[in-house]
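The values are calculated or read from the model by the stated rules, or taken from the named source; none is laboratory data. What you see is a predicted model, and the numbers here were worked out from it, not measured in a lab. Every residue, glycine among them, receives a Cβ derived from its backbone with ideal geometry; neighbour counts consider all protein chains shown.
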Amino acid sequence: MESNYICGGRALRIAVGITMLVLLAGGAGAATITFDKSLNVPDRYLTNVNVDGTTLSFWVNDTGNYKTGDNIGVTVSEGVSNMRVELWTISSQLTVWFQPLYSSYASATIPANKFNSYSSSCPYSDFCYNSYTTAGPGTYFLAVKNKVTSPYPYFIVKPVIVSDYDLTVNPDSIQIIPGGTLKVTVGVTEKGNPVSTGNNNIRVGLFQDSTSTKFEQYATATATTGTFETNFSIPAGVSGAYKLFAEVTTNRTFPDYPEIIGAANYDGIITIIPSINPVQSAFAVRNIERRSLSPGSSTNVTIRITSNVSQALSLQETIPMGWTITRISDDADFFDVNTGEWDWSIIETGIIKTIIYRVTMPANASPGSYYINGNISNQSGVIASVAGDDTISYDIFAYYRGIGNDPCVVETTDLLKAADDWSKDTAPPGFSAPITTQQLLTLADEWARS
């Protein structure tokens with residue numbers, strides 16, 4: 001088991017879930033598709049997607065995101081030695097482009113001339129094409145076919161958005177408390193000019209990668225052409241760092257999710273913070289990137305502090321006994337690694353201080369849940385506890401992830417070991433019970449998304 005392995009971040013990847021046996025037979029269970037331009041979207045599981053007569057199900061956590069006139073750069077990693085990459089329309093009735101790839105790690109470029117802008121002769125309703133080679137704006141599927149193993153199955157697929165629209169996404173605040181309202185304004189232009197979107201919709205979403213929590217609703221047009229607004233009412237009990245996106249959707253689905261014909265992310269982070277009482281003059285929110293670790297592995301922890309008065313402040317994080325802490329990024333005036341303490345001589349009103357550190361589980365850790373506790377203090381003493389994520393577990397999922405080379409993901413060797421233990425009803429070392437059927441299926445699903 002590799003020690004001190006950093007598990008963090010959210011790779012831009014998506015995997016197909018035809019069936020476990022088909023994927024294993026295809027020899028490309030860990031394959032990924034990466035685009036040179038992408039949009040981060042809430043994790044979503046799409047089912048019953050038809051590609052050339054093959055029914056696929058797969059996870060989406062990002063999509064390709066392009067304008068008409070853009071070349072589309074795509075890389076397929078950990079595939080097979082002979083692949084065919086195909087771009088299909090949402091109806092799966094037309095292949096816009098395809099190219100063979102003769103390496104398990106290969107790149108290709110879909111030329112911009114495969115797409116035409118919107119016109120009366122090229123409606124969004126079902127794309128236009130000229131000699132079956134040119135299509136209009138809309139949502140497509142990039143599918144990869146295994147050309148090594150008969151019957152040549154598709155083993156990975158990913159959505160691609162091609163749009164005539166440019167979108168801007170602007171919140172009225174980057175901090176909000178539960179019970180408050182976040183106003184989001186979306187601007188839509190085409191060739192630099194503000195436009196309405198006709199019968200299409202503007203959908204706006206707040207989402208959190210670490211918990212898959214999301215809020216989505218539609219924006220309404222204002223009196224200003226090309227400007228749309230919506231207000232999010234933040235419910236009680238919600239906190240943490242959230243991302244913000246907007247998209248133009250049609251009334252078509254593929255098969256249970258609206259077709260997207262334009263989209264954009266807000267570049268910053270929206271922080272939902274606990275309510276501040278008069279005594280509490282500052283607050284902090286913690287985000288743990290990876291909340292399930294195997295012994296010897298690590299994850300990054302991010303804390304954001306805001307003070308509602310100018311004052312000197314201290315942050316102290318108490319990690320589990322035997323764990324280690326490594327300073328990554330902050331602008332504190334003083335730091336003590338032995339006590340896990342950061343000090344600032346002054347934090348100005350409304351300024352966000354971001355602290356990133358790495359915590360490492362010891363190699364001899366036992367199965368169980370471990371907690372990080374934190375406080376912020378001023379000259380009067382402790383004024384607030386750190387809110388947000390506080391738990392890291394060494395569970396049966398982390399055990400099997402830690403068998404292969406990368407404890408951050410479920411690799412094929414991890415899954416096969418879990419399946420073998422399940423069939424033999426064998427409990428892993430340190431665990432009181434063997435992996436259950438549902439836990440094995442969960443690992444298999446994560447493996448397909450890794």
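Anything in segment 357-370 that is among the β-branched types (V, I, T) and either surrounded by fewer than 16 Cβ atoms within 10 Å (Cβ to Cβ) or in contact with a Pro (Cβ under 9 Å, 6 or more places away or on another chain) (or both)? List them, or say none.
V359
Specify the residue that is modelled with the lowest pLDDT; the eligible residues are those in segment 97-131 that are surrounded by 16 or more Cβ atoms within 10 Å (Cβ to Cβ), of a type in the set (F, W, Y) and part of a loop (DSSP other than H, G, I, E, B).
Residue satisfying both the conditions and the ranking: Y124.
Which of the residues that make up segment 376-399 are over 30 Å from P429 (Cα atoms) and not in a strand (DSSP E or B)?
Those that are over 30 Å from P429 (Cα atoms) and not in a strand (DSSP E or B): Q379, S380, V386.
For segment 400-438, what are the residues that are part of a helix (DSSP H, G or I) and among the polar types (S, T, N, Q)?
Across segment 400-438, the qualifying residues are T412, T413, S423, T437, Q438.
Those residues that are of a type outside the set (A, V, I, L, M), touching a residue at least 12 places away in the same chain (Cβ under 8 Å) and surrounded by 14 or more Cβ atoms within 10 Å (Cβ to Cβ), I need them from segment 327-345; list them, please.
R327, D330, G340, E341, W342, D343, W344
Do we find that S57 is of a type in the set (G, A, S), modelled with pLDDT under 85, within 25 Å of T149 (Cα to Cα) and part of a strand (DSSP E or B) in this structure? Steps first, please.
Working: of a type in the set (G, A, S): yes; modelled with pLDDT under 85: yes; within 25 Å of T149 (Cα to Cα): yes; part of a strand (DSSP E or B): yes.
Taking the combined requirement at face value, the residue satisfies it.
Filtering segment 60-96 down to residues that are in a loop (DSSP other than H, G, I, E, B) and either outside the structural domain of A143 (by TED's automatic domain parsing) or free of Cβ contacts under 8 Å to residues at least 40 places away in the same chain (or both), which residue is nearest to the chain's Cα centre (by Cα)?
S91
Considering each residue of segment 213-239, count those that are without any contact (Cβ under 8 Å) to a residue 60 or more places away in the chain and more than 14 Å from P178 (Cα to Cα), and give that number.
Summing the residues that are without any contact (Cβ under 8 Å) to a residue 60 or more places away in the chain and more than 14 Å from P178 (Cα to Cα) in segment 213-239 gives 15.
Just a yes or no: is a residue in segment 384-399 without any contact (Cβ under 8 Å) to a residue 60 or more places away in the chain, closer than 15 Å to A444 by Cα and not small (G, A, S)?
Yes; the residues of segment 384-399 include at least one that is without any contact (Cβ under 8 Å) to a residue 60 or more places away in the chain, closer than 15 Å to A444 by Cα and not small (G, A, S).
Could you check segment 175-197 and list, in sequence order, the residues that are exposed (fewer than 14 other Cβ atoms within 10 Å of the Cβ) and either in the same structural domain as K353 (by TED's automatic domain parsing) or touching a residue at least 40 places away in the same chain (Cβ under 8 Å) (or both)?
Answer for segment 175-197, where residues must be exposed (fewer than 14 other Cβ atoms within 10 Å of the Cβ) and either in the same structural domain as K353 (by TED's automatic domain parsing) or touching a residue at least 40 places away in the same chain (Cβ under 8 Å) (or both): G179, T181, K183.
Here is a yes/no grid of residues against (1) among the hydroxyl-bearing types (S, T, Y); (2) closer than 26 Å to S432 by Cβ:
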residue: W344; (1), (2): no, no
residue: I351; (1), (2): no, no
residue: S369; (1), (2): yes, yes
residue: N378; (1), (2): no, no
residue: V386; (1), (2): no, no
residue: T391; (1), (2): yes, yes
residue: Y399; (1), (2): yes, yes
residue: D406; (1), (2): no, no
residue: D414; (1), (2): no, yes
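Within the group I372, I383, I392, I352, which residue is among the aliphatic types (A, V, I, L, M), in contact with a Leu (Cβ under 6 Å, 6 or more places away or on another chain) and within 30 Å of I177 (Cβ to Cβ)?
Values: I372 fails: in contact with a Leu (Cβ under 6 Å, 6 or more places away or on another chain); I383 fails: in contact with a Leu (Cβ under 6 Å, 6 or more places away or on another chain); I352 fails: in contact with a Leu (Cβ under 6 Å, 6 or more places away or on another chain).
Going through I372, I383, I392, I352 in turn, just one is among the aliphatic types (A, V, I, L, M), in contact with a Leu (Cβ under 6 Å, 6 or more places away or on another chain) and within 30 Å of I177 (Cβ to Cβ): I392.
For segment 399-450, give me the residue count where each residue is among the hydroxyl-bearing types (S, T, Y) and over 24 Å from the mean Cα position of the chain (by Cα).
Residues meeting the conditions: 6.
So for segment 424-441 (the condition being buried (at least 17 other Cβ atoms within 10 Å of the Cβ), in contact with a strand residue (DSSP E or B) (Cβ under 9 Å, 6 or more places away or on another chain) and either at pLDDT below 90 or not acidic (D, E) (or both)), does at least one residue qualify?
No: zero hits.
Quick check on N373: is it touching a residue at least 24 places away in the same chain (Cβ under 8 Å), surrounded by fewer than 17 Cβ atoms within 10 Å (Cβ to Cβ) and not assigned by TED's automatic domain parsing to the domain that holds L315?
No; evaluated as a whole, the condition is false for this residue.
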